[in-house]
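Right, one structure below, let's go through it.
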Amino acid sequence: MARSRYKSLVDTFAADIRAGRLPPGARLPTHRQLAATNGLALVTASRVYAELEAMGLVSGETGRGTFVRETSLPPGQGIDQPDIAAGVIDLNFNYPAMPGQADLLRSALRQLALSGDLEAHLRYQPHAGRLHERASIARHLIHRGVTVDPEQILIVSGAQHGLAVSLMALLKPGDVIAADALTYPGFKVLAKTLHLEVVPIPATAQGPDLDALASLCRRRSVRAVYTMPTLHNPLGWVLPADQRERLVAIARAHDLMIIEDAAYAFLAQDPPPPIIELAPERTYYVSGFSKNIATGLRVGFVAAPAHRVDALKRTVKATTWNTSGVMTAITCAWLDDGTVDALETQKRADAQARQALADTLLSGLPVVRHPSSYFLWLPLAEDARADQIALELMREHVSVSTAEPFSISVHVPHALRLALGSVSMDALGEALGTVKRVVGAYI
């Protein structure tokens with residue numbers, strides 16, 4: 001009977017929200033009020049709201065209550081964002097490209113066509129990549145402060161594939177992995193697909209709350225921690241050296257594996273040593289060449305402890321067999337001839353210019369950012385609703401992400417994440433002006 005009543009309430013609320021009888025922003029009864037009014041146990045009332053939240057119809061906010069979400073937005077913001085309509089300025093995804101990169105590709109393809117090694121690319125490649133190409137990546141990593149043997153490198157089909165390979169090889173369904181309460185949406189999708197239990201680490205101004213992580217590890221059987229210590233997405237922090245050492249100490253005390261996501265690390269100038277240098281025996285350093293070269297390459301890598309390389313190789317074999325030989329050859333040629341270093345320098349300067357523009361055009365708003373990053377975080381006023389503001393911006397032909405795709409906590413903050421790297425400077429200026437006007441109206 002209780003289950004029938006619970007399902008009936010979920011269906012009634014869902015129908016009223018979809019029909020507009022409960023408009024976006026409407027506050028629903030508290031859990032206790034819902035339980036008392038309908039003769040339910042408090043835990044059952046909480047399940048009603050949890051299911052509505054899972055359906056994307058409501059959002060719970062600490063200290064404020066449960067509210068109806070704006071359901072007119074495209075259903076897939078964040079990693080699931082659908083194709084952007086013509087005339088819409090995309091501040092949702094980052095795919096930064098420098099002028100002249102098409103010419104670089106033409107030249108690389110010509111050189112590859114003339115190489116004596118061309119026929120090798122028509123055959124299957126070793127699962128972790130050819131050793132001389134793994135060596136190219138290992139040499140490149142020295143500039144990031146990472147010292148590994150080529151045999152510790154696995155070439156994968158982009159950083160997202162690197163994350164998938166790492167999670168699949170190291171964890172099993174039901175395992176607990178800790179991650180920042182706001183984190184990369186692609187990690188969220190992978191963890192859900194692999195049936196991992198993700199527990200949030202609260203944030204401080206400088207990075208994750210490591211006291212909270214230590215407490216969590218004492219209470220739960222945490223198997224791993226996923227972290228972005230150098231240019232965190234979406235908050236932009238670079239974790240200080242002492243905090244990195246504390247994270248490693250916690251990991252060693254509780255035998256945690258560390259998955260270090262370094263997708264944007266190339267943008268940070270002179271950061272502290274990577275986690276993999278502090279704890280090479282338990283750290284899996286994942287990155288790719290989408291942001292520093294081009295998203296279309298789909299080449300990435302995992303630097304792993306030597307004793308785990310075979311397990312990761314088996315997962316590469318099970319998922320893609322090997323990464324494209326042609327794309328890997330182009331990438332490694334650019335690593336070897338200095339093209340990647342030059343592109344990274346250009347993109348750091350480009351990101352800094354875009355952040356300077358944002359600093360000017362969003363003055364007066366509480367922006368959270370790193371001066372060399374390709375994105376920023378914009379917390380909203382307490383009475384503002386991110387879904388409604390995102391819809392207003394979409395109506396003005398600007399696409400942004402809300403906090404929802406990034407949040408692994410029950411309570412999602414009202415904030416926007418703006419990607420700055422995918423559009424021209426003129427279009428970016430226009431879009432940021434629109435953001436300032438729309439968001440500023442709520443201050």
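Does segment 410-431 hold any residues that are of a type in the set (Ser, Thr, Tyr) and touching a Leu at 6+ places or on another chain (Cβ under 8 Å), and which are they?
Ser422
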Subject >> Options Ser399, Ser363; residue that is touching an Asp or Glu at 6+ places or on another chain (Cβ under 8 Å) and either of a type in the set (Ser, Thr, Tyr) or outside the structural domain of Met168 (by the TED database) (or both) >> reply: Ser399
**OP:** Inspect segment 325-337 for any residue being over 19 Å from Leu231 (Cβ atoms), at pLDDT 95 or above, not in a helix (DSSP H, G or I) and not acidic (Asp, Glu) and give the result as yes or no.
**Re:** no
**OP:** Return only the number of the condition from (1) more than 19 Å from the chain's Cα centre (by Cα); (2) closer than 30 Å to Tyr49 by Cα; (3) surrounded by 19 or more Cβ atoms within 10 Å (Cβ to Cβ) that Ala403 does not satisfy.
**Re:** (1)
Original post:
Going by the conditions given, is Asp270 of a type in the set (D, E, K, R), buried (at least 24 other Cβ atoms within 10 Å of the Cβ) and either free of Cβ contacts under 8 Å to residues at least 40 places away in the same chain or closer than 18 Å to Ala241 by Cα (or both)?
Top reply: no
**OP:** Please go through segment 209-237 and pick out each residue that is in a loop (DSSP other than H, G, I, E, B), among the small types (Gly, Ala, Ser) and either touching a helix residue (DSSP H, G or I) at 6+ places or on another chain (Cβ under 7 Å) or surrounded by 22 or more Cβ atoms within 10 Å (Cβ to Cβ) (or both).
**Re:** Gly236
**OP:** Could you check Ala349 against (1) loosely packed, with under 14 Cβ neighbours inside 10 Å; (2) closer than 30 Å to Met257 by Cβ and say which number it fails?
**Re:** (2)
**OP:** Working only within segment 117-150, note down all residues that are loosely packed, with under 14 Cβ neighbours inside 10 Å and of a type in the set (Asp, Glu).
**Re:** Asp117, Glu119, Asp149
Original post:
Out of (1) aromatic (Phe, Trp, Tyr); (2) in contact with an Asp or Glu (Cβ under 9 Å, 6 or more places away or on another chain); (3) more than 23 Å from Arg282 (Cα to Cα), what's the single condition that is false for Tyr124?
Top reply: (2)
Original post:
Do the conditions hold for Ala35, that is, is it closer than 26 Å to Leu391 by Cα, hydrophobic (A, V, I, L, M, F, W, C) and outside the structural domain of Asp387 (by the TED database)?
Top reply: no
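The values are calculated or read from the model by the stated rules, or taken from the named source; none is laboratory data. This one's a predicted model, so the numbers in the text were calculated from it and none came from an experiment. Every residue, glycine among them, receives a Cβ derived from its backbone with ideal geometry; neighbour counts consider all protein chains shown.
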